[in-house]
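K.L.:
Have a look at this one before I ask anything.
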């Protein structure tokens, strides 16, 4: 991939945002972040990140609605979205995947480096 890939983190908990920003920046990515769903959606449209790391339990509009909007918009519909949430219930996972999430990570169960691996996997060019 030429140049730095841009990752948008949409996460309301500052601690999680900072941990993932640090890991992603150290891996060579440009990182944008939003603390609520509304801002996350606006930044998805304005900045066109290469990938979105999206929490579900967000203020203003929740992650499900952000994902719905990303998939419904012609400019953002193909952006990979990895859900990372404390909501690990099967119905939340199924709903997110049904809405078009590319992957789903339950926060606290995966170390940041494993999440970095999932980011790299989503950004890797498809092998024919």
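The values are calculated or read from the model by the stated rules, or taken from the named source; none is laboratory data. Note that this is a predicted model, so its numbers are computed, not measured. Counting neighbours? That spans all protein chains shown, and the Cβs are built from the backbone with ideal geometry, glycine included.
K.L.:
For the stretch 112-128, enumerate the residues that are within 19 Å of residue 49 (Cα to Cα) and either at pLDDT 95 or above or out of contact with any helix residue (DSSP H, G or I) (no Cβ under 6 Å at 6 or more places or on another chain) (or both). Explain how you work it out, then say what you get.
P.N.:
Keep residues of the stretch 112-128 that are within 19 Å of residue 49 (Cα to Cα), which gives 115-126.
Answer for the stretch 112-128, where residues must be within 19 Å of residue 49 (Cα to Cα) and either at pLDDT 95 or above or out of contact with any helix residue (DSSP H, G or I) (no Cβ under 6 Å at 6 or more places or on another chain) (or both): 115, 117, 118, 119, 120, 121, 122, 123, 124, 125, 126.
K.L.:
Of all residues being crowded, with 22+ Cβ neighbours inside 10 Å and either touching a residue at least 60 places away in the same chain (Cβ under 8 Å) or over 13 Å from the mean Cα position of the chain (by Cα) (or both) in the stretch 30-63, which is nearest to residue 93 (Cα to Cα)? Just the residue, please.
P.N.:
Looking at the filtered set, the residue picked out is 53.
K.L.:
Search the stretch 90-105 for residues being outside any loop (DSSP other than H, G, I, E, B) and in contact with a strand residue (DSSP E or B) (Cβ under 9 Å, 6 or more places away or on another chain), and hand back the single one that is farthest from residue 120 (Cα to Cα). Before you say what the answer is, go through the steps one by one.
P.N.:
Going residue by residue through the stretch 90-105, those that are outside any loop (DSSP other than H, G, I, E, B) are 90-98, 103-105.
So of that shortlist, the ones also in contact with a strand residue (DSSP E or B) (Cβ under 9 Å, 6 or more places away or on another chain) come out as 92-93, 96-97, 103-105.
Numbers: 92: 24, 93: 21, 96: 20, 97: 19, 103: 12, 104: 14, 105: 14 Å.
Filtering first and then ranking leaves 92.
K.L.:
Additional query: For the stretch 1-43, what are the residues that are in a helix (DSSP H, G or I), closer than 20 Å to residue 108 by Cα and touching a helix residue (DSSP H, G or I) at 6+ places or on another chain (Cβ under 9 Å)?
P.N.:
Within the stretch 1-43, 19, 20, 22, 23, 24 qualify.
A quick yes/no check of all residues on (1) crowded, with 18+ Cβ neighbours inside 10 Å; (2) within 18 Å of residue 39 (Cα to Cα); (3) at pLDDT 95 or above; (4) within 12 Å of the chain's Cα centre (by Cα):
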position: 65; (1), (2), (3), (4): no, yes, yes, no
position: 77; (1), (2), (3), (4): no, yes, yes, no
position: 81; (1), (2), (3), (4): yes, yes, yes, yes
position: 110; (1), (2), (3), (4): no, no, no, no
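K.L.:
Give just the number: which of (1) within 18 Å of residue 98 (Cβ to Cβ); (2) in contact with a helix residue (DSSP H, G or I) (Cβ under 9 Å, 6 or more places away or on another chain) does residue 68 not satisfy?
P.N.:
Condition (2) is where residue 68 drops out.
K.L.:
In this structure, is residue 66 in contact (Cβ under 8 Å) with a residue 12 or more places away in the chain and assigned to a strand (DSSP E or B)? Let's see the steps before the verdict.
P.N.:
Numbers: in contact (Cβ under 8 Å) with a residue 12 or more places away in the chain: yes; assigned to a strand (DSSP E or B): no.
No; evaluated as a whole, the condition is false for this residue.
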